[in-house]
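Here's the structure we're looking at; comments come further down.
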Amino acid sequence: MEFDLSWPVLWNGLFWPLIRLTFFISIGLFIGNLIESLQWTRYAAKLAEPLARRARLKDISAAAFAMAFFSGITANTMLAEAHERGDISDRELILSNLFNALPTYFLHLPTIFFIAAPFIGGTAAVYVGLTATAALLRTLTITLSGRFLLPPLEEGCIPCRLDEMEEKVDKSSALKKTMKRFRKRLPKILYITTPIYTLFFFLKEFGLFSWLQDLMAGQVGLFSFLPPEALSIVAFHMAAEFTAGLAVASALIAESSLTEMQVVMALMIGNLISSPVRAFRHQFPYYAGIFKPRMALRLIVHNQLLRATSVAVVGVAYGIYMYFMQ
């Protein structure tokens, strides 16, 4: 096997993505620290207070939930900082990260929909609606789980600090505090992120992820209840990317080879079985830069298990509903 490690490949596949990743992590880290230094978390937490209270999550987790609608990196940075200070336990960190499934999904929802719509038309709304329902189901599951897995909140803990400390914050002092924490934490993030991202780049060039995706794509025969044309959508979704699956689906819809239900089910299955490899490949370097590597791995595993379960439940429910509606 020949490996192309020319400058264009290194720049486009390693250096430029690493620069972009570092830039966005830096922005997220700075914003997260600034928000906490200015005590704006209390206002953000109020937006998620009712749901967070039911999940027994503290104010920082509620604030991260609200912030995740705008920036997943900033939300995770806020949680990591709180965990390092000892404000939240390992268990609450994991639950808080999982709790953000809904805002994290909605952050990417417009992109997903406007990529899918030109390919599959109205079917895109059904697919996006089902995946959004799965995200909602994950957040509701964590809300319920928190009542059993976390201790009761102290009286007035939500909003902890929200109604106290009403005095004005010195913006100059807050900025100095933010810069001090930023300069302390950023080198640690780069120390972890850079070697891991570089390792994953070379593993990709050596074909490890292609091999894993081909291996999983070869298992589409497990879904024999779908016609062969629909299985091709799953295979392309697995072996290439989401857009490739959409392109195949578009061609098959144009030929009237598949129904809307079959296309949606094929996309849901492709989503389900391709996500773990892609999540580990793309998320772990960034997660390991924000959290400790062991915790980053735990978070990804928990996320993928919950995500797979929710997508499977929603997909099965949709399939049963459509079966009886026909």
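The values are calculated or read from the model by the stated rules, or taken from the named source; none is laboratory data. What you see is a predicted model; the values in this text were computed from it and never measured. Counting neighbours? That spans all protein chains shown, and the Cβs are built from the backbone with ideal geometry, glycine included. Quick note on the areas: whole protein, heavy atoms, side chains included, nothing else; ligands and nucleic acids left out. Shrake-Rupley method; radii C 1.70, N 1.55, O 1.52, S 1.80 Å.
From the list Leu57, Leu109, the one residue that fits, being in a loop (DSSP other than H, G, I, E, B) and farther than 24 Å from Leu190 by Cβ, is Leu57.
With respect to (1) surrounded by 13 or more Cβ atoms within 10 Å (Cβ to Cβ); (2) under 16 Å from Ala62 (Cα atoms), the lone exception for Ala134 is condition (2). Please determine, by comparing only the residues of the stretch 50-60 that are under 17 Å from Thr141 (Cα atoms) and at pLDDT below 85, which one is surrounded by the fewest Cβ atoms within 10 Å (Cβ to Cβ). My answer is Pro50.
Consider the stretch 61-88 and keep the residues that are at pLDDT 85 or above and β-branched (Val, Ile, Thr). The one that is farthest from Arg147 (Cα to Cα) is Thr77. Looking only at the stretch 67-81, residues that are more than 22 Å from Val311 (Cβ to Cβ) and open to solvent by 10 Å² or more (accessible area, probe 1.4 Å) come to 5 in all.
For Ala266, state whether it is out of contact with any Cys (no Cβ under 7 Å at 6 or more places or on another chain) and open to solvent by 10 Å² or more (accessible area, probe 1.4 Å). Judged against the criteria, Ala266 is not a match. Hey, can you tell me all the residues within the stretch 82-115 that are open to solvent by less than 60 Å² (accessible area, probe 1.4 Å), touching a Lys or Arg at 6+ places or on another chain (Cβ under 8 Å) and not small (Gly, Ala, Ser)? Residues satisfying the conditions are Ile88, Glu92, Ile94, Leu98, Leu102. Here are some conditions: (1) in contact with a helix residue (DSSP H, G or I) (Cβ under 6 Å, 6 or more places away or on another chain); (2) at pLDDT 75 or above; (3) of a type outside the set (Phe, Trp, Tyr); (4) not in a helix (DSSP H, G or I). Pro151 meets all but one. Which one does it not meet? That leaves (1) as the condition not met. The set of residues in the stretch 67-89 being among the aliphatic types (A, V, I, L, M) and under 20 Å from the mean Cα position of the chain (by Cα) consists of Met67, Ala68, Ile73, Ala75, Met78, Leu79, Ala80, Ala82.
Among the residues in the stretch 293-312, are any among the β-branched types (Val, Ile, Thr), modelled with pLDDT of 80 or more and surrounded by fewer than 16 Cβ atoms within 10 Å (Cβ to Cβ)? Yes: the stretch 293-312 contains one or more residues that are among the β-branched types (Val, Ile, Thr), modelled with pLDDT of 80 or more and surrounded by fewer than 16 Cβ atoms within 10 Å (Cβ to Cβ).
Scanning the stretch 121-136 for residues that are closer than 24 Å to Ala249 by Cβ, of a type outside the set (Val, Ile, Thr), in a helix (DSSP H, G or I) and in contact (Cβ under 8 Å) with a residue 12 or more places away in the chain gives Ala125, Tyr127, Leu130, Ala132, Ala134, Ala135.
Among the residues of the stretch 116-131, those identified as within 22 Å of Val313 (Cβ to Cβ) and open to solvent by less than 20 Å² (accessible area, probe 1.4 Å) are Ala116, Thr123, Ala124, Tyr127, Val128, Thr131. Condition test on Leu226, is it open to solvent by less than 20 Å² (accessible area, probe 1.4 Å), at pLDDT below 70 and over 22 Å from the mean Cα position of the chain (by Cα)? Yes; evaluated as a whole, the condition is true for this residue.
In summary, Ala62 fulfils each of the numbered conditions (1) touching a Gly at 6+ places or on another chain (Cβ under 6 Å); (2) touching a residue at least 40 places away in the same chain (Cβ under 8 Å) with the single exception of condition (1).
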